[in-house]
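The values are calculated or read from the model by the stated rules, or taken from the named source; none is laboratory data. None of these values were measured; they are calculated from a predicted model. Note: ideal-geometry Cβ built from the backbone for every residue, glycine included; neighbour counts use all protein chains shown. Surface areas here come from the heavy atoms of the whole protein model, side chains and all, with no ligands, DNA or RNA. Shrake-Rupley method; radii C 1.70, N 1.55, O 1.52, S 1.80 Å.
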Amino acid sequence: MPEALLTREAAEAADVAARQIAINGEAVALLGDRLRRRKPAFIATCARGSSDHAMTYGKYLLERTLGLPVASLGPSLASVYRGEIDLSGAVFIAASQSGRSPDALQLTETAKRGGALTIGLINDMQSPLAGLVDVALPLAAGPETSVAATKSFIATGIALLHLTAAWSCERDLSDALVRSPELLRQAGLCDWSPFFGHLKDATSLYVIGRGLSLGIAQEMALKFKETCRIHAEAFSAAEVLHGPLALVGPGFPALVLDPADEGSDSTLSVARSFTALGADVAYASAEVAPGIALPVPLETPAVLMPLLQARAFYGGIAALAKARGLDPDRPPHLRKVTQTL
C-alpha cells in the first residue's frame, strides 16, 4: 500500500523548519527590532482550523515570554457583522496556509483600518493576504496536497517561535529555534503505533494538554476527526476535570500531552486519575508516565516539546485511518482550501 501524502508531507517538517529559519532570518530580526520600538499594548490574532491551533501555541508562547495579552479575534466580526474594532497600538498576526479565505482578508483589512501593525504568516506568498499585510513572513512549507495540514502547521509554530525569540531577545528561545530541525527529525522516528493500535474501533477520545501543548491537543483532535472519523475532543488538563470527566470510564481512550514545564504536574495528575478510572491512557513525555508511554526526543526545550509531539503524532495517524478503511488524504466533504465568510 503506497505511503499516504499526509505521512510524506509531515516528514518534510524538519527541512521546512531549516529552510524557513534561513529565509526569514533577516526579516524577522528587523521585525523584532520594530516591535520593541513600537511597544504594543496587546496582540490580536486571526486564523482558522489548524492555523488557529498553531496560534493557540503562539498565544501561550507570546504571553509567557512578553507579558502581553493575546486575543483571538473572530473573523466574522468583519465578514458577517461588518464591525470595526480599535486596534490602535496593537499588533495583528494572521496565519493562513492559503492566504485566500475571504473572512481572514476582511478582518485583516479591518485591523489595518483600526490602527494595527499587521503581520502575516503565510505559505502561499502569491496570495491576497501576503499583499495585504504590512509584513509577510513565508512559512516556506512548499505545496501541501493532503487535505489534512501537517508540515504547514508545524511551520506556523516555528514561525511563531522565531518571531517571539527575535522580539524578546531571549537566548533560550533562539537556541531552541536553532535546534528545531534536528529535533523534528528525531521526533519523526518516535513510534506512537502502540497507542494507535488501540483505536482501530474507537468512536471517541480525549486529547489533553496544558499551556503550550493545548493548541497541539486541539490539532490532534481535529486530525482524529478529519482523517479517522473519531469524535475527539481537546481539553486543558484543568477543564477536563469538570463536566468532561463524567464520560471517562473503563476503556475510554485518552491521549495526554506533557508540556515539559510547570504544567506537567497537572497533566500527570489527570493521566493518573484517568488510569484509576480504568481509562486507556497514553502519555507523551520524555519521563516515565502512566499508561502507554509515547516517546519524544530526550533533552527537548519546553518551547519545542508541543511541536515535536505533533510531528510524532503525524507519523502514525495515516496508518490508523487506513486500518479503519479510510483514505487519510481525502476526507469526505472536505477540500484543501476552505473559503469561509
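Close contacts from the range 195-214, counting a first residue that is over 22 Å from residue 268 (Cβ atoms) and a second that is assigned to a strand (DSSP E or B) and open to solvent by 20 Å² or more (accessible area, probe 1.4 Å), with Cβ to Cβ under 6 Å and a gap of 6+ residues or different chains, come to 204/231. Scanning the range 292-318 for residues that are in contact (Cβ under 8 Å) with a residue 24 or more places away in the chain and more than 21 Å from the chain's Cα centre (by Cα) yields one hit, 292. Among the residues of the range 1-33, those identified as part of a loop (DSSP other than H, G, I, E, B), of a type outside the set (A, V, I, L, M, F, W, C) and more than 19 Å from the chain's Cα centre (by Cα) are 2, 3. Kindly indicate the residue of the range 226-243 that is in a helix (DSSP H, G or I) and either open to solvent by 10 Å² or more (accessible area, probe 1.4 Å) or touching a residue at least 60 places away in the same chain (Cβ under 8 Å) (or both) and also nearest to residue 195 (Cα to Cα) among those meeting that condition. Among residues in the range 226-243 that are in a helix (DSSP H, G or I) and either open to solvent by 10 Å² or more (accessible area, probe 1.4 Å) or touching a residue at least 60 places away in the same chain (Cβ under 8 Å) (or both), the one nearest to residue 195 (Cα to Cα) is 228.
Residues that are open to solvent by 30 Å² or more (accessible area, probe 1.4 Å), in a loop (DSSP other than H, G, I, E, B) and either on the phi > 0 side of the Ramachandran plot or of a type outside the set (Phe, Trp, Tyr) (or both) are absent from the range 174-186. Within the range 195-218, is there a residue that is among the aliphatic types (A, V, I, L, M), over 30 Å from residue 25 (Cα atoms) and open to solvent by 20 Å² or more (accessible area, probe 1.4 Å)? The answer is no, given that none of the residues of the range 195-218 is among the aliphatic types (A, V, I, L, M), over 30 Å from residue 25 (Cα atoms) and open to solvent by 20 Å² or more (accessible area, probe 1.4 Å).
Among the residues of the range 194-225, the ones that are over 21 Å from residue 51 (Cα atoms), at pLDDT 95 or above and part of a helix (DSSP H, G or I) come to 2 in all.
Do you know which residues across the range 254-281 are open to solvent by less than 20 Å² (accessible area, probe 1.4 Å) and not aliphatic (A, V, I, L, M)? Listed by number, the residues that qualify are 258, 259, 263, 267, 274.
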